[in-house]
1. Determine if the range 6-26 includes at least one residue that is surrounded by 10 or more Cβ atoms within 10 Å (Cβ to Cβ), among the charged types (D, E, K, R) and not in a strand (DSSP E or B).
2. Take LEU37 and tell me if it is under 18 Å from the mean Cα position of the chain (by Cα) and either aliphatic (A, V, I, L, M) or closer than 22 Å to LEU107 by Cα (or both).
3. Taking the range 94-133, which residues are in contact (Cβ under 8 Å) with a residue 12 or more places away in the chain, more than 18 Å from MET61 (Cβ to Cβ) and open to solvent by 60 Å² or more (accessible area, probe 1.4 Å)?
4. Just give me the residues in the range 60-91 being at pLDDT 95 or above, among the aliphatic types (A, V, I, L, M), open to solvent by 50 Å² or more (accessible area, probe 1.4 Å) and over 14 Å from ASN118 (Cα atoms), in sequence order.
5. Does ASP108 fit the bill of being among the acidic types (Asp, Glu) and either within 22 Å of ARG136 (Cα to Cα) or at pLDDT below 95 (or both)?
6. Among the residues that make up the range 50-57, is at least one of them farther than 17 Å from LEU101 by Cβ, assigned to a loop (DSSP other than H, G, I, E, B) and open to solvent by less than 40 Å² (accessible area, probe 1.4 Å)?
7. Would you please name the residue that is least open to solvent (accessible area, probe 1.4 Å), looking only at residues in the range 39-49 that are free of Cβ contacts under 8 Å to residues at least 40 places away in the same chain and of a type in the set (Gly, Ala, Ser)?
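The values are calculated or read from the model by the stated rules, or taken from the named source; none is laboratory data. All values reported here derive from a predicted model rather than from experimental measurement. Ideal geometry is used to build each Cβ from the backbone, glycine not excepted, and the neighbour counts take in all protein chains shown. In case anyone asks, the SASA skips ligands and DNA or RNA and just uses the protein heavy atoms, side chains included. Shrake-Rupley method; radii C 1.70, N 1.55, O 1.52, S 1.80 Å.
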Amino acid sequence: PTLGAAPTAYHIAIRHRNHLGIMTAQAVDVGPVPFELDLTDGSVPLSGAEPTLVLGSRHLMWSGNAIGDTALKYTGQDNDRDAILQVIGGVVPSATVTGYLNADVNLDGRVKYVGVSNDRDPVLLHVGGSVPTAVRQEQLP
């Protein structure tokens, strides 16, 4: 995208509707000539501790932020798991809802709480998997 900013050095930050945001650790020179910045291969240092999920050789944004705050939480107040359950109606855990929704953690076009390819499991995996009370904080200042 075109930024329309004055040519200088900027920290580049990226947010996505249900992922934790990321930001370059150092300022990046931005000028009048278009350029690409690949944040998926690990060659650009990012700010914070474990700002991305490393899967194979790819660096991915942490998904699961169903309520759109600055943390992934599986349990406790303002957790992302309950937000998924609420979107499907909160009563029948096998229900599904389709659409462009923040609770669609795996981005398959539907919100699903139980079963194969559900949206609840990635939240647990991304907070650490074995400790459901763990919290993963976004690494943006």
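1. Yes - at least one qualifying residue is present in the range 6-26.
2. So LEU37 does not fit the description; no.
3. Residues satisfying the conditions are SER94, THR96, THR98, ARG110, THR133.
4. Listed by number, the residues that qualify are LEU60, ILE67.
5. Answer is no for this residue.
6. yes
7. Selected residue: GLY42.
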